[in-house]
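Quick one: the structure is below, and I'll ask about it shortly.
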Amino acid sequence: MKKLTIGVFAGFLLMSSQCSMDFPNEADLPSWSVNISVPIAVETLTIDDLLKDSLFVGIPYGVSGDSILAYEKSINIESVKVGNQLEIDNIHKSFIQNIDEVKVDGTEKSFSSSLESVGIDPISKSISSQIGKIELNDTEKKQTEPIFFTNIIDLTSVPEGVTKTISQGTQFPVIYRTVKFDNFDSAIFTFGELGISINNNLVVELGHPITVRLLDADSSTIVGSDGDTAKAEWTVGISTRNTGTKQISLAGKTLPGEVIVQISGAICGSGPMDITNNETARNSSFIVEVQARNLAVSQAVAIIPEQQIDTTNTITLSPDQPNKVSRAQILDGKMTLNVQNNLPVDIQLQLIVQSIDITSSQSIEPLTRSFSIPANQLSDISVALDSYFLVMDIADQKVEYSYQILTEDTNPEKATLSETDNILVDLSIAGKIDDQITFSMIEGIIEQQTIVENGEITVESGSRITSAVISSGSLTFNFDNRINQTASGVPQIVVNLPQIVNSTGTPLSVTLNLNPGVLTSSQDLTNYRLEPLLQVISSDSTRQYLTYETTITTSIGEIARYNLMDSIIVQINVSEMHFSSVTGYFNQEAIVSQDTIHLEQPTKIQTAEIAGGDMILTMTNQIGVIANVEFTIDEIIHKITNQPLKKNIELSADPSPSIVTIPLDGYRISLPLANLSDNQQIHYKSTIEIPSDAPMTLSLEEEIEVQVDLNDLSFSSIAGIIDPVSIDLDTVEQEISALPDELNGVDLSNVDISIIFDTNIGVPVCLNLTLMSYNESGDTVYSVIDQIITENPIVQILNAEDLINIKPKKIVAYGNATVGGTGTVDTSQYVSGVMQISVPMEMIIKEDAVVELDPELVDENIPKEIESATIIAKIDNGFDFGGKIELLAAKDTMYFSEGFLLAPDTLAVLNIYPDSSFTEKVVLDDTKFALFEDSLYIKPNIKLFGMKDISGNPIPSRILTKDTMKLQISGIIRGLVDLPELANKGK
């Protein structure tokens, strides 16, 4: 970078003479003020002054022919080939061919055993529920007709307005009045009371005494069962405008619906009273008010309110029931309810069976049902109990239930009802199909059961076996007890197989306890003898088989939980059996072995051209006879004849290993792409011809051992689904030296970094690339790219600005390409690329953007006495951004260091306006004059101000190739020139 030169030039006229003459005295020397012009900076700045790098070029911008400055760089990514990645691991397969091919194939026999139905006998109970005490509603208050004063005292002889004296205790004639009750026509009361009130509105005292009796319709006295009459007596008078009340017990009394109220007694019982004969006296009266309350009757013709009958009962099961229930889910059951309503009113019956739970939750929700039964009728009701639960005490087997009967309120009608009237309820629980209630699940004690199963197991063998000593083989018993749900009460199973006997001739028998769930038991059959039975199906067809018998016995007397809808699954697995010796009839025309070689490779091959590798067959003949072996593999095909690989080998009787090597470079592998989740298979077939004969006894220890090895297989090309192969890309490092350090606080806003890849690989290629940039300050920025470049070969770096704006020293690119998928790959295919970096000088200038220039020393003679100083700047700025120039002054350059204790002085601040020419003047105040007394360093700092939109948001500034900034900065210093002082300095 070109440094801006700061200089100060001062000229002083010093008088001197070389001729011999007299010098004046110092006091006679003159002094005067002069203006000194001091050039500070004269410079034309172009972007070339800052960016001296051949990588910066001009790229067209706009339509005026301008070019924007840009940093451009192309970096090659070296070509990388697939190379030797197309290989698979060595494959080894060994097998044995021997007379042991006389064997019994594995077979399996499965069956299930279920318990017989478990239940209890039907139960029933009959109950007669009498209605008992009948409660009636309180009657309304009933009043007699008024009894006037003239009804009890004769005033006909007393003139109007004349006073008459009523003697103390004057008796009045017996008065009769009628009261009719609306609630009943007749009733025999067992409880209740009749309230009698006398409201005295006479002008005289009523009583004492006074008696009120209830009479029947024929005027006879109503007498209770206890001999007590229905009467009320007042021994204290009832004063005028007051009320007297008494209670009559109705218990044991029979009342008609209409009664006669008899009133007798006296008036003025407390003393004589004077009465004036006038209309008020004559019309004064008293009434009797009656009300029956808290009524209970044994019989009545009445309006019968709702009556309630509550009944709780149990049905005890017979102690002879073999099954004891704690909780059982009903499979087949119903509840029958026969209700004979002998009441003259309709009833509502609500039944609750506490011993029947309608939910499977922990808490019991008893069965509840409501039924309407018409008056004097029989109703038959049936409720299905399937899936409900019967719950009882295991030690007290009984069904608990209760019901509530509510009679219908007859209002406004009356009905005849007696406490002996009843409802007959017959409740029974039984099965729907037959009488027994059966269960699908039970927790309790069940009756012991024995379950016997018999069957046959077919013996599959290519030979007809009479007897064989087993050298290897086993029986595996798998039991799945799905009936028992708890560890208690488990059954026992005995399995007998008569045709498998031990060395003493005892048939095989296995006994086990069947805990809930799965139980597996194995029986090693080594040294057992197999004696299968023979069934002749036709003249040329037979069948060999074994028989079995299983006996399952349940426990007795134990509380357990059983799932009665499930079963015990029994599975007898007879493994493949090999024999040490066999007696029977054998067909030994050929020993054929067909199997597969699994390619345990993630790459799925459709076709693969073999470039190198061998198949090595190693055979060891231990059967002691000459054998001819034909070995074929269908999936390995000759490239010219298109025929599968086939090799015929003559084996001598020598037991030494015979090795045959078959080069495979003339072959290809062709496989189907079927089930991609499984390993691909190569199918081989080995056929060995040995002598055959009539019935015999063979010792089956002899064998021919065969080993197949596919070694060092490599391919020139593979078509199929290629397992991803990682190809490492060469690391690329590029120094970025063209970006100036002075552009602090400036972010480039339009950076483009792209990589264009080229590949001819025939399967998807996924690029895994990391770009890293770092600078001298230790800042690092990463960009990670994952992209399938066979679909889109152009990789665009999304955070390119972040990589560049840290002013990096280098950009490093490293990573790999993952090759894999459906298609064809060969060893010559490659991946290469070119990374292109384009950085236009289009930047966001932040608030802290500063261009710092180096400080320069001002070491010229300046007048000691400065009278004034002015900074003048002529600036022609062609850039589209502006700023300020700070002229910093200090005695030492340390002052300019960041973090130094003392800060430099600001000599002046000059404005820079964007895209304009102007002159700035700054007059220094006298506080700045002292700075010039000694040598002075001046450092210009340029603070850049970027452009903003109308909303105040920063927008990019662009540096065009023709942009310049011309600076001419100078100072005008006016000071006093003192010649005597200069003369002293000269001495």
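Are there trypsin sites (Lys or Arg not before Pro) in the stretch 851-938 that DSSP puts in a loop and that have at most 15 other Cβ atoms within 10 Å, and which ones? Spell out each step's value before the answer.
On the way: sites: 864, 874, 884, 891, 921, 928; in loops: 864, 891.
Here the trypsin sites (Lys or Arg not before Pro) that fit, given the DSSP loop and packing criteria, are 864, 891.
A further question follows. Amide H to amide H under 5 Å from residue 888: which residues, 5+ apart in sequence or cross-chain, H placed 1.01 Å off N in plane?
Amide H neighbours of residue 888: 907, 939, 941.
Output wanted: per-residue J couplings in Hz (rounded whole) for the stretch 437-452, from phi through Karplus 6.51 cos²θ - 1.76 cosθ + 1.60, θ = phi - 60°, x for Gly and Pro.
Rounded to whole hertz, the list is 7, 10, 10, 9, 8, 9, 10, x, 10, 10, 5, 4, 10, 10, 10, 10.
Under the rule a/c < 1.5 gives rounded, and otherwise a/b versus b/c splits prolate from oblate, where does the stretch 495-564 land using the Cα gyration tensor? The partial results should precede the final answer.
Details: a/c = 3.09, a/b = 1.95, b/c = 1.59.
Cα axes put the stretch 495-564 in the prolate bin.
Moving on to the next point. Pick out, from 242, 224, 257, the residue whose Cα sits farthest towards the positive end of the charge dipole of the stretch 138-302, with +1 on the Cβ of Lys and Arg and -1 on the Cβ of Asp and Glu.
Projecting each Cα onto the dipole axis, the largest value belongs to 242.
Additional query: Ratio of alpha-carbon Rg to the 2.2 N^0.38 Å globular estimate for the stretch 123-249, to two decimals, please. Before the final figure, lay out each step's value.
Working: Rg = 20.9 Å, N = 127, 2.2 N^0.38 = 13.9 Å.
Cα Rg divided by the expected 2.2 N^0.38 Å: 1.51.
Starting from the Kirkwood Rh over alpha-carbon pairs, what translational D in µm² s⁻¹ does the stretch 527-567 have by Stokes-Einstein at 25 °C and 0.890 mPa s? Don't skip to the answer; put the middle values down first.
On the way: Rh = 15.2 Å.
In µm²/s, the coefficient rounds to 162.
Please list 3J(HN,Hα) in residue order for the stretch 214-219, calculated via the Karplus relation 6.51 cos²θ - 1.76 cosθ + 1.60 where θ = phi - 60°; whole Hz, with x for glycine and proline.
9, 10, 5, 4, 8, 6
Arranged from highest to lowest average of other beta-carbon atoms within 10 Å per residue, in what order do the peptides 537-545, 355-363 appear? Walk me through the numbers on the way to the answer.
On the way: 537-545: 10.8, 355-363: 13.4.
Ranking, from highest mean packing down: 355-363, 537-545.
Which three lengths, in whole Å and largest first, does the stretch 448-583 cover when its Cα atoms are put on their principal axes?
The Cα atoms of the stretch 448-583 stretch 54, 31, 22 Å along their principal axes.
Just want to confirm a number: the relative contact order over the stretch 138-302, from Cα pairs under 8 angstrom separated by 6+ residues, in percent. Walk me through the intermediate numbers first.
On the way: 450 pairs, mean separation 72.2, N = 165.
Once divided by the residue count of the stretch 138-302, the mean separation gives 44 percent.
Using amide H atoms built in the peptide plane, which far-off residues or other-chain residues are under 5 Å from residue 237 H to H?
HN-HN under 5 Å from residue 237: 208.
Among 573-580, 199-206, how do they line up from the highest to the lowest mean number of other beta-carbon atoms within 10 Å? Write out the running numbers ahead of the final one.
On the way: 573-580: 19.6, 199-206: 21.8.
Top of the packing list down: 199-206, 573-580.
How large is ³J(HN,Hα) for each residue in the stretch 422-434, as worked out from phi by the Karplus curve 6.51 cos²θ - 1.76 cosθ + 1.60 (θ = phi - 60°), to whole Hz, x for Gly and Pro?
9, 10, 9, 10, 10, 10, 9, 10, 8, x, 7, 7, 10
Give, as a single signed number, the net charge of other residues whose beta carbon lies under 10 Å from the beta carbon of residue 631, with Lys and Arg counted +1 and Asp and Glu -1. Before the final figure, lay out the partial values.
Values: positive: 646, 647, 685; negative: 630.
Neighbour charge sum, excluding residue 631 itself: +2.
Still on this structure, please answer the following. Output needed for the stretch 850-981: three equivalent-ellipsoid semi-axes, defined as square roots of 5 times the C-alpha gyration tensor eigenvalues, in descending order, whole Å.
Working: eigenvalues 212, 64, 31 Å².
For the stretch 850-981, the semi-axes come out at 33, 18, 12 Å.
Using the Cα centre of the stretch 138-302 as the reference point, and only Cβ charges (+1 on K/R, -1 on D/E), how large is the resulting charge dipole? Debye, rounded to the nearest 20.
Working: 12 positive and 18 negative charges, 44 e Å.
Around 200 debye, computed over the stretch 138-302.
Determine the distance separating the Cα centre of the stretch 640-661 from the Cα centre of the stretch 116-136; give it in Å without decimals.
92
I'd like the carbon and sulfur percentage of the solvent accessible area for the stretch 448-583, probe radius 1.4 Å, heavy atoms only, ligands and nucleic acids excluded. Walk me through the intermediate numbers first.
Values: 2750 of 6090 Å².
Here carbon and sulfur together make up 45 percent of the probe-accessible area.
OK, next. What ranking, highest mean first, results for peptides 657-665, 503-511 when packing means the other Cβ atoms within 10 Å averaged over each residue? Display every interim value, and only then the final one.
Values: 657-665: 13.7, 503-511: 10.9.
With the highest mean Cβ count within 10 Å placed first, the list reads 657-665, 503-511.
Among the listed pairs 807/928; 891/921; 810/939; 807/948; 133/398, give every one whose C-alpha distance is greater than 28 Å. Numbers along the way, then the final one.
Values: 807/928 38 Å; 891/921 24 Å; 810/939 31 Å; 807/948 24 Å; 133/398 30 Å.
Too far apart for the 28 Å limit: 807/928; 810/939; 133/398.
Considering only protein heavy atoms and a 1.4 Å probe, what is the carbon-and-sulfur percentage of the accessible area of the stretch 138-302?
Values: 3380 of 7440 Å².
Reported share for carbon and sulfur atoms: 45 percent.
What dipole magnitude, in Debye to the nearest 20, does the stretch 305-421 give about its Cα centre under +1 on Lys/Arg Cβ and -1 on Asp/Glu Cβ?
Details: 6 positive and 17 negative charges, 75 e Å.
Here the stretch 305-421 has a charge dipole of around 360 debye.
Past the 20 angstrom mark, what percentage of all C-alpha to C-alpha distances in the stretch 222-314 do you count? Numbers along the way, then the final one.
Working: 2476 of 4278 pairs.
Roughly 58 percent, once rounded to a whole number.
The values are calculated or read from the model by the stated rules, or taken from the named source; none is laboratory data. Just so you know, these numbers come straight off a predicted model, no measurement behind them. Counting neighbours? That spans all protein chains shown, and the Cβs are built from the backbone with ideal geometry, glycine included. Protein only, heavy atoms only, side chains kept; ligands, DNA and RNA dropped before computing areas. Shrake-Rupley method; radii C 1.70, N 1.55, O 1.52, S 1.80 Å.
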